[in-house]
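Right, one structure below, let's go through it.
Since every read-out is calculated from the coordinates, none of them should be taken as a lab result. From a predicted model like this one, the values you see are computed outputs, not experimental measurements. No Cβ is skipped: glycine too gets one built from the backbone with ideal geometry, and neighbour counts run over all protein chains shown.
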Amino acid sequence: MIIIKMALRNLFSHKMKTLIVGTVLILGSFFAVVGVTFVFAISEGMKNSLTHSITGDLQIYSKLAKDKFSIFGDENGSYPDIDYVENFATIKNILEKEVSNIEAIVPMGGNFAMVNPGNILDKKLEELRQCFKEKIFDAAKILELKEHVHAIILDIEAQFFNNTASIVSVSAEDSAKVRADLDTARAESFWKDFDAKFERKIEFLSNKIAPLIFDDNVLYVSYMGTIPETFARSFSQFEIVKGTNIPPGHRGMVLTDRFYEEEVKHRVARRLDKIKRSLLEDHETIKGSKTLQDKITSNISQSAEVYNQLTPKRAEEIVVKLQAFLSSKESDIKKLLEDFLKVDDANFISRYDFFYSEIAPYIVLYKVKVGEVFPITTFSKYGTSHSLNIKVYGTYRFKSFERSPIATGFNLIDLMSFRDLFGLLTPERKKENSEMEAEMALEDVSISDMFKKSDSKKESEGASLSKLKSTVFTSGFKEDFASQGDKVFSNADLENGIFLNAAILLKNPAKMAATMRAIDSVSEKEKLNIQVIDWKNAAGIIGQLILFIRVLLFSFIGIVFGVSIFIIMNAFIMAMLERYKEIGTMRAIGAQKQFVLSMLFFEVLIQSVFFACLGILLSWLVIVIVGGRGIPAWNDIATFFFSGSRLYLFFDWWYAAGVLLLAVIVSAIAGLYPAYQATKIPPVSALGKTH
Amino acid sequence: MKSIALKDVVKNYYLGEVVVPALKSVNLNISSGEFTVIAGPSGSGKTTLLNLVGCVDTATAGIVSVGDEDTAKLSERKLTDLRLHTIGFIFQNFNLISVLNVYDNVEFPLLLRTDISKKERRERTLKFISQVGLEGHMHHRPNELSGGQRQRVAIARALVSSPKIVLADEPTANLDSVTGQKIIDLMKEINEKEKTTFLFSTHDEKIISHARRVIRILDGQIVTEQ
Amino acid sequence: MGIFFTIGFRSLIKHKTHSLILGSAIISVTILLIIITNVTSGIQDTMMKGSTTLFSGHVNITGFFKTSTSSAAPVITDLARLRKLAREIVPEATFIVDRVNGFGKIISDQSSMQIPMMGIDVEEEAPILKDLSVAAGNISDLSKKNGLIIFEAQAKKLKVAVGDRVTVSMPTYRNMYNTMDVNVVAIVRDMGYLSNFSAFLNKDDIRELYQMKEDSSGRVMIFLPNYKTVAAVESRVRSGIEKAGFRLMDKDPQPFFMKFDKVAAEGWTGQKIDITNWEDEVSIMKWIITLFNVLTGMLTMILLTIVSLGLMNMLWITIKERTGEIGTMRAIGMQRRSLVILFIIEPFILSSLSTIIGIVIGLLISAGLNAMHIIIADSALRTFLMSDTLLLSTSFSQIIITFIAITTFTTVGAIIPAWRAGKLSPVIAMSTID
């Protein structure tokens, strides 16, 4: 007891040393706890994003795979060649029977496609076609659309001969063809009997005139082929946001809501949405945020996307409305829109509402709308292309990480369509291909001729490529959708086919290693030819990133505490020197070496515990205050790491305990040498001068 | 000429809450060129008196003037300067700088001054080292010297600046009687040659007998003079 | 002043143990800092070397041509005039070349990949291409038509060797695909992560694939003798090109393939020129450097604070021990300020010496690591370090900054104790003697 009392008093009397050691310990423990909390928040966040959405706990795929599996693609940015596994139903039944820890197996297959949703003329022609098909003939609307189409044709003419010819070498022959087509399209005779022969007229415009608009608005769609209800059921955080999930037995796609709102939505509208969210949810201001100001600037420079999509009639109406709204006398729609889009904190909400009520209904708000059918084309590794018309049934998201870029990168497609698009050249496939080509009414391919190489070096494969391309976007193909593409299939069809990889969700994730071994042995026994990897390996480079961050963190902490040992040791040594006489006196009076050692030990203990706790307390404050509100992600990369737009920190008592222990150990090590020296102080030094 | 004058000087120390009066109304005049001893038992206030004269401490009340200047009116900077140029100190415990050798220790005050050239520094240092008879030990460190030698270094250091006043606080306390005598003789010699005022404190009666003037002090007050 | 250094130095030697411990702490921190900054420097160097060999000059004249309001082709026209302007505006350029930007698929028997490709003129680019280390084949064979140069990683994935035939397929307008058969004429050693996204075609071939006119190209690349002048040259080029009548795009530090989306949405048509530099083209990877710097900075701050505290501690004790000496010196006539300086000099000597030793050791270790050409096995690490081997590089200015930073930071800790020492009244100082 006396030892402890003395230890305490000593600490108080030697203020300087205590302060120095104390500060070092406070700093070290503070940094350690905050650092560990931060890094674990990031890695746990990323892990959850992955295991609860894309990777599951484990992934299985073919043992014959040539490349290592990585769900995000490999180093070169393309999908790894993992071959395929023959029959999902077989694998599923065997594994579910023989391995007990399996909660669910979800088949997957990743690929990506390019989608051209059609340019403005395509869209307007489609609208026009729909109008003619309606039971009730809306003359006004048809007139409106025809006017717009006419205006677009004039634009095309100007752009083609002024601009395109500057960079593309067009032969005189082709140039003459284009001029002839454009003249036809502008001629009065063309428009006089339009309504009567609308089918042929629209087809002409679609095949000959629409391709003259060079549109680089391509959508890059990365998708995952799966069984939609299984996916929805197995991932508990799954929820449909717009529309519905793909109905069982039907082909279709469900887009991620993030993809829908970020890539598919009209850019100007999307930015306005983001600004609104920043203002209302994140409590930012336009004045104080450069990011928001940049968004506004982009909107203004891209206002063409708005006025180019408005029909002339609609444009006139909006001019009037904008003039009233902005109290402006400007009559040019372009300038009015630019003024309108120059929003600030004061006028944002009213302008946002105006945009959605008066402007959004008349532009192409989504390149591909929920409920619409659109053509999707993929390229297999052999260079062959495959296309399908697919209906978008709705959008989905994962409830807790809707803002994380990781979890939201995969649009879902039904497994049947996936297999078709995957491009296995099986005999059935080849037959289907030639059947399809015969079905399509391929008339004129002059447009595609103009842009493909006329040189004989070109492969015949490539020729059929372009042919396929040019027909994909016409309405004729879409019409066939109902008859050919929408056949209902059974669940057995779905399951009795190939799959690339599958996510396995475990009942008890803690038993991962054992489960993996079980799967391996079942695969051996039943000759399933599959291999299994954990989520971290499946996440490829992302998984390794997480590991890397942790390693970095622990080395940092190690270094900091390592250096601290030096400093603390020094402080202890100095203190020993100061107390030379004091300790000598104690020994002279009759205290054993043991006593001195115990006293010093308690000093070290009390000191390290006290100051480490202070540091931990400080870190607790910071974590609760800053981490509770959330650290905002300042750019896309940060959003990726934070698995969302904010990183929340949670204080964990186990981490704190660990750091406390570490601090005590560090102090003990630092104190070892000085304490040992202290016991060697001879009692004789009590008398006489200090050392 | 009055070199040092104390008028109604009082000095109190504070040990926590307790007031310890070290000097109780002291009046003293010392002229230039004197060789004076302040004698008294330990705790009588001799050291305090010397501290005040040496401008190392300030009086609680009264006037301390050195060279006709009231020290209370001088800034800290000026006081330090005064100590550098006008006053020399010799301490009981020698107080040499342990990491410097004899030459450097003696030279030290000159290095603090900005008005002396390198050449002159060298001359003076060597002069005073030889005056105390330590030419042969110039590169020795204090821990390589005997007590007497160390005190001689201290004296050389105190004199190297050619101060008008030299204050010595129990200079022979840590020396044996023979060495102590030698030190006093040396100081006397310098006093006669350079006309430097010497004021030193001691309680050793043998040494006191060698002084021309003796001021006895007891419990903070001057008792007698001789 | 000299005497202060003498006293300081000798005091350090007197307290051997403490000086050693604290000195070692400073040395370790310095070594760590030197190595980390050298690694970061190495990454930056790799980035620049890769960038300027693979797809960028020090300064580029590039841009977009919009044939319609919704298109965006990374093409510049009026090539001859632009090259001439480049020569005139930057007469000091070591050389100027132009390349055609491309993006498409390479398809072999076994596999395929989709990467950016550049159409080059092998003869014109000989000085740049000499930085490529050839593993097989002959780079100059690209001057013949229908050739392709790829990197080792790509050859491995595609499972091809020199002489094999592959198909190159590029999406042109309106998602039409043009294809061409080419032969692999050379396989080049990887240049870290960046070369994964690179391949070279004959300029005429790629023009044919894209149906481009003779006087159009992708970018004019300007190489400077001293890359540190990039910023100044860039602004000269900007004003020069603008004065010549070209429309300029706003500065946007991103690689060109990240700008498609934005440009496709803008309402203008025709040609606009974009002036970029080598850093813009690798800007997506710059976050790695920023991350490293931030982490290093934080770590260093914490370590130096701790070391400072140690120094403060030591000084404090020293002063306590030498209280008598302090009193003596003040009594002799030493001003307060001189005393403070004296007591700052001691830790200053310790830190500067330790820092210098640390720098020397750190540099030696860096040189040694470089010489070992350590191969990085882990692919994530490869991505970060942007290289297959560990590269460390030093810059003189960095060493100076490190030295100043560490020495200053650690000496600053000495100020307070030294100042307190100065404040000590000579009396109290002297009385402790007894």
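Tell me, what is the FRET efficiency for A:E239 and A:S289 to the nearest 0.05, using R0 = 25 angstrom and their Cβ-Cβ distance as r?
Efficiency for this residue pair is about 0.25.
What pairs from A:K276/C:K105; C:K203/C:K286; C:K66/C:K251; A:K177/C:K105; A:K265/A:K536 go past 28 Å between their alpha carbons?
Violating the 28 Å limit, Cα to Cα: A:K276/C:K105; C:K203/C:K286; A:K177/C:K105; A:K265/A:K536.
Restricting things to alpha carbons, find the Rg to Rh ratio for segment A:1-42 using the Kirkwood radius for Rh.
Reported Rg/Rh, Kirkwood definition of Rh: 1.27.
Expressed as a rounded percentage, what relative contact order does segment C:57-282 have, with Cα pairs under 8 Å and six or more residues apart?
36
Helix A:541-578: angle to the longest alpha-carbon principal axis of chain A, degrees 0 to 90, nearest 10?
Once rounded, one gets 20 degrees.
Quick check on chain C: of the DSSP beta bridges with both residues there, what percent are antiparallel, nearest 5%?
DSSP beta bridges in chain C are roughly 80 percent antiparallel.
Angle, helix A:120-133 long axis vs. longest principal axis of chain A, Cα atoms, 0 to 90°, nearest 10?
60
On a 30 Å Cα-Cα criterion, which of the cross-link pairs C:K49/C:K156; A:K201/C:K259; A:K290/A:K367; B:K164/B:K206 come out too long?
As for pairs spanning more than 30 Å Cα to Cα, those are A:K201/C:K259.
Can you give the Kirkwood hydrodynamic radius of chain A from its Cα pairs, in Å with one decimal?
In chain A this quantity evaluates to 30.9 Å.
For the protein assembly as shown, what D do you get in µm² per second when you plug the Kirkwood radius from alpha-carbon pairs into Stokes-Einstein at 25 °C and 0.890 mPa s?
Translational D for this selection: 64 µm²/s.
Given H placed 1.01 Å from N in the peptide plane, which residues other than close sequence neighbours of A:V241 have an amide H under 5 Å from its amide H?
Residues meeting the criterion, in which the H sits 1.01 Å from N, are A:T395, A:Y396, A:R397.
Name the residues whose placed amide hydrogens come within less than 5 Å of the amide hydrogen of C:F151, ignoring near sequence neighbours (fewer than 5 apart) on the same chain.
Amide H neighbours of C:F151: C:V188.
Determine by what factor the alpha-carbon radius of gyration of chain C differs from 2.2 N^0.38 Å, reporting the quotient.
Normalised Rg, Cα atoms only: 1.37.
In nm, give the distance between the simple-model label positions of C:D261 and A:F137, each being 7 Å from the Cα along the Cα-to-Cβ direction.
4.5
Taking the beta-carbon count within 10 Å as an exposure proxy, list A:H283, A:H148, B:H203, C:H373 from fewest neighbours to most. Before the final figure, lay out each step's value.
Numbers: A:H283 7, A:H148 22, B:H203 15, C:H373 10.
By the 10 Å Cβ count, ascending, the order reads A:H283, C:H373, B:H203, A:H148.
Taking each pair of different alpha-carbon atoms in segment B:16-105 once, compute 1/r for the pair, average those values, and report the inverse of that mean as the Kirkwood hydrodynamic radius in Å to one decimal.
So the Kirkwood estimate lands at 15.3 Å.
Would you mind working out the magnitude of the charge dipole of the protein assembly as shown relative to its Cα centre, with +1 at each Lys and Arg C-beta and -1 at each Asp and Glu C-beta, to the nearest 20 Debye?
5080
Need one number: % antiparallel among DSSP beta bridges in the protein assembly as shown, to the nearest 5.
Close to 75 percent.
If you wrap a convex hull around the C-alpha atoms of chain B and split its volume per residue, what is the figure in Å³?
132
Between C:D164, C:D205, C:D141, where does the largest GNM mean-square fluctuation fall for chain C, given springs only between Cα atoms within less than 10 Å?
Largest GNM mean-square fluctuation: C:D164.
For segment A:563-658, take the convex hull of the Cα atoms, compute a quarter of its surface area, and give me that in nm², please.
On the way: hull surface 35.9 nm².
About 9.0 nm², averaged over all directions.
Within the P(r) computed for segment C:57-282, what percentage of the Cα pairs occupies the region above 25 Å?
In whole percent, the share of Cα-Cα pairs in segment C:57-282 beyond 25 Å is 40.
If I build a Gaussian network model for chain B, linking alpha-carbon pairs within less than 10 angstrom, which residue out of B:T202, B:T86, B:T114 has the largest mean-square fluctuation?
Of the options given, B:T114 has the highest mean-square fluctuation.
I need the phi-derived Karplus couplings for segment A:188-194: 6.51 cos²θ - 1.76 cosθ + 1.60, θ = phi - 60°, integer Hz, Gly and Pro marked x.
Working through the residues one at a time gives 4, 4, 4, 8, 4, 9, 4 Hz.
Contact order normalised by length for chain B, with contacts defined as Cα pairs under 8 Å and 6 or more residues apart; what percent is it? The partial results should precede the final answer.
Working: 431 pairs, mean separation 67.0, N = 226.
So the answer I get is 30 percent.
Rounded to the nearest 500, what is the 222 nm mean residue ellipticity of chain A from helices alone, with -39500 (n - 2.57) per DSSP H run of 4+ residues and division by all residues?
On the way: 28 runs with 369 residues, N = 691.
Only helices count here, giving -17000 deg cm²/dmol.
What FRET efficiency do you get for A:E98 and A:L547 if R0 is 35 Å and r is their Cβ-Cβ distance, rounded to the nearest 0.05? Spell out each step's value before the answer.
Values: r = 31 Å, r/R0 = 0.89.
Efficiency at R0 = 35 Å is approximately 0.65.
Quick one: grab Rg to one decimal and Dmax as a whole number for segment A:183-227, Cα atoms only, in Å.
Cα only, segment A:183-227: 17.1, 53 Å (Rg, Dmax).
Name the most mobile residue of C:G310, C:G245, C:G50, meaning the one with the largest mean-square fluctuation, in a Gaussian network model of chain C with Cα contacts below 10 Å.
For chain C, modelled as a Gaussian network with Cα springs under 10 Å, the answer is C:G245.
Most exposed first by the Cβ proxy, i.e. fewest other Cβ within 10 Å, how do A:R129, C:R189 rank? List each step's numbers first, then the result.
Numbers: A:R129 18, C:R189 14.
Result, fewest neighbours first: C:R189, A:R129.
Over 19 Å, how big is the tail of the calculated P(r) for segment A:120-216, in percent of all Cα pairs?
41
What residues have an amide H closer than 5 Å to that of A:D81, excluding those fewer than 5 places away on the same chain, when H is modeled at 1.01 Å from N in the peptide plane?
Placed amide hydrogens put A:D67 under 5 Å from A:D81.
Note down the Stokes-Einstein diffusion coefficient of segment A:266-365 in µm²/s, whole number, using a Kirkwood radius over alpha carbon pairs, 25 °C, and 0.890 mPa s.
In µm²/s, the coefficient is 180.
Report the label-to-label distance for A:F161 and A:F194 in nanometres (one decimal), using points 7 Å from each Cα along the Cα→Cβ vector.
For the pair A:F161/A:F194, the computed spacing is 2.2 nm.
Cross-link partners among lysines for A:K329, C-alpha distance below 21 Å, same-chain residues fewer than 8 apart left out?
A:K313, A:K321, A:K342
Tell me, what HN-Hα J-couplings in whole Hz come from the Karplus equation 6.51 cos²θ - 1.76 cosθ + 1.60 at θ = phi - 60° for each residue of segment A:62-72, using x for Gly and Pro?
Per-residue couplings from phi come out as 5, 6, 8, 4, 7, 10, 6, 6, 8, 5, 9 Hz.
What FRET efficiency do you get for A:A89 and A:S357 if R0 is 51 Å and r is their Cβ-Cβ distance, rounded to the nearest 0.05? Provide the component values of the computation, followed by the final result.
On the way: r = 51 Å, r/R0 = 1.00.
Between A:A89 and A:S357 the formula returns 0.50.
Order these by the 10 Å Cβ neighbour count, fewest first: A:V522, C:V97. Display every interim value, and only then the final one.
Details: A:V522 18, C:V97 21.
Final ranking by Cβ density, sparse to dense: A:V522, C:V97.
For the pair C:D252/B:E123, report the inter-label distance in nm, with labels modelled 7 Å from Cα in the Cβ direction.
Label-label distance for C:D252 and B:E123, simple model: 8.2 nm.
Out of all DSSP beta bridges in chain A, what portion is antiparallel? Express it as a percent rounded to 5.
85
Which ³J(HN,Hα) values in Hz, rounded to whole numbers, follow from the phi angles of segment C:223-236 under the Karplus curve 6.51 cos²θ - 1.76 cosθ + 1.60, where θ = phi - 60° and Gly and Pro get x?
10, 9, x, 10, 5, 6, 8, 3, 4, 5, 4, 4, 5, 4
Go ahead and estimate [θ] at 222 nm for chain C from helices alone: -39,500 (n - 2.57) per DSSP H run with n ≥ 4, summed, over the residue count, rounded to 500.
-17500 deg cm²/dmol
Taking Cα atoms, how many degrees apart are the long axis of helix B:76-85 and the longest axis of chain B, rounded to 10 and kept between 0 and 90?
Result, in degrees: 50.
Using Cα-only point scatterers and the Debye equation, what is log10 of I(q)/I(0) for segment C:145-270 at each q in 0.15, 0.22 Å⁻¹, rounded to two decimals?
Taking Cα atoms of segment C:145-270 as identical point scatterers yields -1.02, -1.35.
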